[in-house]
1. Go through the range A:481-498 and flag every residue whose accessible area shrinks by 50 Å² or more with all protein chains in place compared to the isolated chain (probe 1.4 Å).
2. How many angstrom separate the Cα center of the range A:17-80 from the Cα center of the range A:324-358?
3. Across peptide B:120-127, what mean number of C-beta atoms from other chains lies inside 10 Å of a residue's C-beta?
4. Excluding ligands, DNA and RNA, what is the solvent-accessible area per residue of the range B:2-73 at a probe of 1.4 Å, expressed in Å²?
5. Determine the residues within the range A:403-426 where the difference in accessible area between the chain on its own and the full set of protein chains amounts to at least 50 Å²; count protein heavy atoms only and use a 1.4 Å probe.
6. Send over a whole-number figure in Å² for the accessible area per residue of the range A:453-528, probe 1.4 Å.
7. I need the shape label for the range B:144-184. Rule: rounded when a/c is under 1.5, else prolate if a/b > b/c, else oblate, with a, b, c from the alpha carbon gyration tensor.
8. Please report the buried accessible area for the interface of A with B, total over both chains, probe 1.4 Å, in Å² to the nearest 100.
Amino acid sequence: MKRSSLFLLASFLLVASFLTAQVRYERIANADNEPGNWLTYSRNSLGHRYSPLNQITPANVTGLKVKWAYQFPDPRTEVSPIVADGVMYVTGPNSAAALDLQTGRPFWKWSRPIPPDYQSIGFGRVNRGPAILDDKLFVATLDCDLVALDIKSGQERWSTKVADYKPGYSLTMAPLVIPGKVVVGVSGGEAGIRGFIDAYDAKTGKRAWRFWTIPGPGEPGHESWSGDAWKTGGGSTWVTGSYDPQLNLVYWGVGNPGPDWNGDDRPGDNLYTCSLVALEGDTGALRWHFQFTPHDTHDWDATHVPVLFEGEVRGKKRKLIGVANRNAFYYALDRETGEFIAGRAYAKQTWANGLDDRGRPMVIPGNEPSEEGKLVWPNLNGATVWFSPSYSPQTGLFYVAVREVGATYFKREADFKPGTFFAGGGEQTLGGDDEWGAIRALEATTGRIAWEFRLKSAPWAGVLSTAGGLVFGGTNEGNFFALDAKTGKPLWDFQTGGQVAANPIAFNIDGRQHIAVSANRVLYVFGL
Amino acid sequence: MGKRLFESQCALCHGQTGGGGRGPNLHRPQLNKAPDDASLRKVISQGIQPEMPGAWQLSPREVKSVAAYVRTLGSIPLEPLPGNPSRGERLFKTKACDTCHMISGQGSGFGPELTGIGSKRSAAFLRESLVAPEAAVPDEFLLLDLVTASGATIRGVRMNEDSFSIQIKELNGEFHSYRKAALKDLRKLRGKSPMPSYADALKPEEMDDLIAYLASLRGNS
């Protein structure tokens with residue numbers, strides 16, 4: 001071979017390896033082709049948080065050991081990492097890092113100061129993870145920038161202002177990548193914001209579309225508000241949604257109306273708060289919506305990862321979507337139309353006599369917050385909240401970490417002042433041993449409870465299911481554990497020494513399955 | 001408005017008219033933890049860890065009006081306690097309270113430390129603690145009975161618990177740790193206290209003396 005062609009070949013290989021090290025959208029769409037990576041928040045865009053890896057099984061899970069750990073600068077890490085091509089990407093509040101998958105040693109770190117006048121109104125200073133596409137890592141900051149970092153250096157490619165943080169907007173969630181775009185949602189439901197879901201061009205950071213969760217005058221749904229209440233109507237969108245590439249629909253949960261516990265000035269259903277919306281991926285246009293809690297006065301945001309699955313309904317295969325809602329009901333909907341298929345309570349609730357034929361709650365009067373206080377289950381954090389459920393196509397079960405907590409809800413006056421708490425009340429939980437939790441497995445198409453594993457207290461950690469037949473979860477008291485996915489039997493547990501308030505993931509290091517989870521300041525990686 | 005808010009938000013612990021309960025009597029012109037208006041508002045909105053929860057649900061205006069009401073309570077005269085504190089101090093030893101309680105570094109730490117108990121509790125609550133200790137057992141003194149794999153029954157106070165293990169202290173001070181799955185039985189004796197009732201063991205004057213002593217304990221400072 002001539003010298004020049006050798007040179008050509010070498011440079012071609014260089015380019016080729018550079019390209020494979022990029023995370024093209026097709027790789028995310030076909031996530032099952034590379035189960036050793038974890039390329040998007042829930043591993044696939046369907047919201048499953050299920051890993052096809054099967055080396056770790058009920059038979060050998062007791063052999064799990066810590067392989068390495070990484071310490072974050074901030075407490076209570078809620079991150080769900082991305083794993084791609086030998087690198088683990090993690091985030092914290094206004095920070096990110098690329099870690100060597102073999103050792104946990106950082107390749108690079110990135111951070112930005114949190115402005116001194118930034119305030120998180122109604123939530124902690126956390127970040128739940130990054131997103132990746134092509135050569136960029138997308139990180140959302142507390143002060144509302146969406147930042148694209150070069151995955152090789154951690155340097156900024158672009159940065160876009162999503163909103164002004166001063167009135168109470170914030171970003172805590174992991175962005176969701178859809179073809180060519182990055183979708184984000186906002187926090188701020190306790191500050192009287194008007195919520196939205198945004199999509200940005202992944203290459204340039206230019207906004208592609210915005211969907212306002214509170215319809216303005218003249219828009220459908222506006223009639224579910226009265227007067228100017230819509231302007232401070234809340235409807236935050238602070239948990240990562242899901243995406244169906246075939247239907248090209250983005251599914252996203254919408255938070256509580258404002259003010260949270262005093263609905264006097266906002267009579268009506270208050271659309272699209274406490275709803276799931278299906279938006280067209282190209283335009284953000286609303287295809288359908290389903291409202292779980294009309295006129296909510298308990299702060300039951302519908303901000304959950306929607307789970308897309310195929311199920312059999314009256315003998316017919318249907319494209320479904322499953323949501324275990326903060327209001328204590330599980331819902332299975334048709335994901336093409338939003339039609340209600342099935343629903344039932346999956347945790348203790350005292351506010352509704354079940355759901356009617358269209359999935360609307362049959363509310364028991366007298367359970368609103370009051371001056372003297374009214375005891376209601378679930379509490380404001382809900383029967384489950386932001387942490388992820390998991391769906392295993394192998395068992396057909398929907399796994400969810402459940403909170404069994406009752407609270408006395410109080411109603412107060414609410415004065416709106418931008419950038420301050422606009423809540424109209426609060427709650428006092430029962431506390432102590434009157435509160436507890438569970439991991440429950442629900443039949444995804446019906447919501448029937450297949451098994452439960454009881455937890456000492458109401459959890460703040462999501463679950464992961466695997467093809468090895470395991471479900472992983474965590475507790476406030478620091479346990480990280482594995483259950484049998486079919487029966488719920490506890491098989492292994494490890495005391496991390498810190499509260500687990502994060503979602504676990506699974507991936508390969510050198511072809512061997514590993515599991516990672518954060519507990520307070522520490523990210524642990526376990527392997528056999 | 002301050003009075004109404006106090007009755008709905010504070011009375012549960014401080015009594016309907018601020019005369020105290022689980023929380024201290026507020027019929028005092030000088031409050032140790034809230035000497036001025038700013039610190040009083042701070043105590044109300046942020047609470048005092050771990051015993052008094054912050055009233056974060058109140059707006060700044062509401063906090064201000066409750067604070068103003070608390071100040072009016074200060075002019076209500078404190079009812080003098082009947083007992084004799086120095087006789088109470090001697091009873092604390094002769095009745096062996098110090099086998100379970102520490103005061104200023106003296107005694108045993110099986111039960112809660114009482115060094116500053118007079119600034120945290122009302123006299124009525126202290127009386128109830130002696131007569132019916134089971135009425136308000138804090139979580140960290142939950143009594144339990146467990147049956148080990150070998151069939152032994154052990155009674156102790158729960159020191160800690162997670163979903164898989166439990167740590168207890170026996171009444172003799174010994175620590176034990178168990179895997180919950182390995183236990184034959186685990187019974188939480190809610191509504192029972194590790195402390196015996198002194199309703200019958202103390203004469204009425206002795207009870208008054210002990211309460212006067214406990215109420216005089218205002219910390220080490």
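1. For the range A:481-498, once contacts with the other chains are taken into account, A:Asp493 lose 50 Å² or more.
2. Each part reduced to its Cα centre gives a spacing of 30 Å.
3. If you average over the peptide's residues, the count of other-chain Cβ atoms is 0.
4. With the other protein chains kept in place, the range B:2-73 gives 53 Å² per residue.
5. A:Arg412, A:Glu413
6. 26
7. oblate
8. So the buried area, both faces added, is about 1800 Å².
The values are calculated or read from the model by the stated rules, or taken from the named source; none is laboratory data. Predicted model, so just to flag it, every value in this text is computed and none were measured. Reconstructed Cβ throughout: ideal geometry from the backbone, glycine too, with neighbour counts over all protein chains shown. With ligands, DNA and RNA removed, areas are computed over all heavy atoms of the protein, side chains included. Shrake-Rupley method; radii C 1.70, N 1.55, O 1.52, S 1.80 Å.
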